[in-house]
1. List the pairs from B:Lys37/B:Lys58; A:Lys401/B:Lys37; A:Lys155/B:Lys31; A:Lys225/B:Lys31; A:Lys225/B:Lys36 whose alpha-carbon separation is above 29 Å, in the order I gave them.
2. Helix B:117-126: angle to the longest alpha-carbon principal axis of chain B, degrees 0 to 90, nearest 10?
3. Using label points projected 7 Å from each Cα along Cα→Cβ, tell me how many nm separate A:Tyr414 and B:Ile63, to one decimal.
4. Skipping prolines and chain starts, which residues have an amide H placed within reach, meaning under 5 Å, of the one on B:Asp62, given they are 5 or more residues away or on another chain?
5. Return the calculated 222 nm mean residue ellipticity for the protein assembly as shown, to the nearest 500 deg cm²/dmol, obtained by summing -39500 (n - 2.57) across DSSP H runs with n ≥ 4 and dividing by the residue count.
6. About the Cα centre of chain A, what is the dipole size in debye to 20, counting +1 per Lys and Arg Cβ and -1 per Asp and Glu Cβ, all else neutral?
7. For the interface of B with A, what's the total buried accessible surface in square angstrom, probe 1.4 angstrom, rounded to the nearest hundred?
8. List, by residue number, every residue in segment B:109-125 with a reduction of 30 Å² or greater in accessible area between the chain on its own and the complete protein assembly, 1.4 Å probe.
Amino acid sequence: MTAQLPILTVAPLLFGAFAVTAGRFLYRRANYAVAALALALSFAASVLLAVQVLAHGTTTYFVGGWPPPIGISYVADPLSALMLAFVSGAALCVFLASKAEIETSYPLKNSAFFALFLLAAAGHMGIVATGDAFNLYVLIEVAALSGYAILAQGKDRAMLSSLNYLFVGSFGASLYLLGIGYLYLMTGSLNMADLSAIIGRLGGVGSSTALAAAFGIILAGLWVKMALFPFHSWLPAAYSFSAAPAAALVAPLTTKVMAYVLVRLIISLFTPNEAWSVPAVNTLAVGLATAAILYGSFCALGERSLRRMLCFILLSEVGYMVGGAFLGNRAGLTGTIYHIFADLLMTLCLFLAASNVERATGGRFSDMGGLFRRMPATSAALVAGGLSMIGVPPFCGFFSKWYLLSGAISAGSYLFAGALVLSSLVNAVLFFRIFEIGFFRPAPGQDGGGQAGHAAPPPLGRDEMPLARLIPLGVAASSLVAAGLLAGEIVTRVAGAVIPPGLG
Amino acid sequence: MGGLLAGFADAFHYYAYFAIMMIGLFAMIAKTNLLKKCIGLGIFQTAIMLFYVSMGAKTGADIPIVNPATGTADPAAYANPLPQVLMLTAIVVSVATLGVALALIQNIHRDSGSIEEDEILRRLRDE
């Protein structure tokens, strides 16, 4: 049983997707329960796997019993096991929180939405778990195609934005495929552990043009997929016009899982010393990351609705992760790994809170007056997410910034360090502007009192969402503190276990 | 000059796949018609498939099965089947991508009455 855990994290989602598609014709009412059960099983398997891997070390499962390099293997080392638990937990939270929304937004297409939701979650988890470079490409496409389909269901421009995302996303995935082609050409293998050994024997990235080209093309593909600065234009449109549950699922997962693939590429496929051996690539990556941080922060300042603002913050967070991965030292890479987890939780918490706010007010800043009185619990979660984005100590956002900053300073990338600090300041402006509106502006329908006297404020919790939406949000918000308090554990037992020793 | 030409002939398929890939990329970027963008994406992906298949190609190669007369298989006699098998998967993926893209285009056309990107954006802005 325990040997099969890596595949059991993904299998319930795939079977669940088939089951809800078939259930559309059999017994439609059970579909929500079936999908929730699939997600819960997957989450349970991931947690068990994480506990087991952290206690006993890496578990590998050979699909179909074929050992590598011939077969596909699913590898759960401390990093991927914890990532699986986070991804499945996030998917479960979003699914439980958006029950009412799914049922009202897509009354006739429930089953299709459930199936796509499960497939998107399965794709993202498969990307994390797989140990085979080509299988990774297929799973990227599984995750992306179901992502395009659920993001397309939304208001006015959603279809066009999603189609645009499809063009850019397929371009990025194709580049990844091309890069894998060059790797295969040089090594004759597709299994990551095997590839890594053969690349080492060949003499590393610098030894041949084809290997360097493979590295560069794969990097470019991943940067397109994770919306790093010059390739970012699809992200804000695709995530802001779609229905809220779709954005709340895809936003925390896609960019973070792609950042995970980047870390995997650096640590497991090439070794860090190899991946950082070309100074031009490091300079380019850190430069683009700096640009992404600044661009995301300043565009976020100009936005007037909650979800669009979060989308631009997401762009600058991508800069954090890419920059840290190419600083060329242990602290930077540790910061990137920790920030993948931290940013997943922060984005989850903020997008869930934003979808509650949107449901009650429409999500424009001008309609959010009196928010803290009208929706106290949602606002509390929004504050937690905001403070974590700013980087206030007990929350997890602080610790990733700490590692990234110390990495940037010891690498001498003062521009990147400056961008990190500046983006924290801008985040503070962004979130305190919302807090100011929520606390001090009168709620719509309450005419501000004027000189004549104070109109009665709305009753406490007037627009608050039902508990079914608040509990997942509360879990997400408290996980920010939990991940912050456990930062030392995550850094030593996860990042420390996968980063090769002896790295400066 | 002769050496350069010989090098070109040896690596001909790489130049070919790259040229085809750039044609696809050009269509994806420069065309405003959504269907033409889709065609460009198709060309782009097909070029990568050609690259994979060409790396396993071999003149006079046999199918990779055990020879019943000798009971053994001679790896030198057959073309590497793995790239072709990988590309079967990639073809499935690209068909699925195209399917999703066409479904989206159909819906866009139903909603806005056009498949020209700038026309759709103008109509959205006018509303």
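The values are calculated or read from the model by the stated rules, or taken from the named source; none is laboratory data. In this text, all values refer to a predicted model and were calculated from it rather than measured experimentally. Cβ atoms come from the backbone with ideal geometry, glycine included; neighbour counts cover every protein chain shown. Heads up: the accessible areas ignore ligands, DNA and RNA and are worked out on the full protein's heavy atoms, side chains in. Shrake-Rupley method; radii C 1.70, N 1.55, O 1.52, S 1.80 Å.
1. Values: B:Lys37/B:Lys58 34 Å; A:Lys401/B:Lys37 40 Å; A:Lys155/B:Lys31 25 Å; A:Lys225/B:Lys31 22 Å; A:Lys225/B:Lys36 22 Å.
The pairs that break the limit, which is 29 Å between Cα atoms, are B:Lys37/B:Lys58; A:Lys401/B:Lys37.
2. Helix B:117-126 sits roughly 30 degrees off the main axis of chain B.
3. Going by the 7 Å Cα→Cβ label model, 6.9 nm.
4. The list, which skips near neighbours in sequence, is B:Tyr78, B:Ala79.
5. Helix contribution divided over all residues of the protein assembly as shown: -24000 deg cm²/dmol.
6. Numbers: 25 positive and 18 negative charges, 138 e Å.
Computed about the Cα centre, the dipole is about 660 debye.
7. Answer for the B-A pair: about 2800 Å² buried.
8. B:Leu121, B:Leu124
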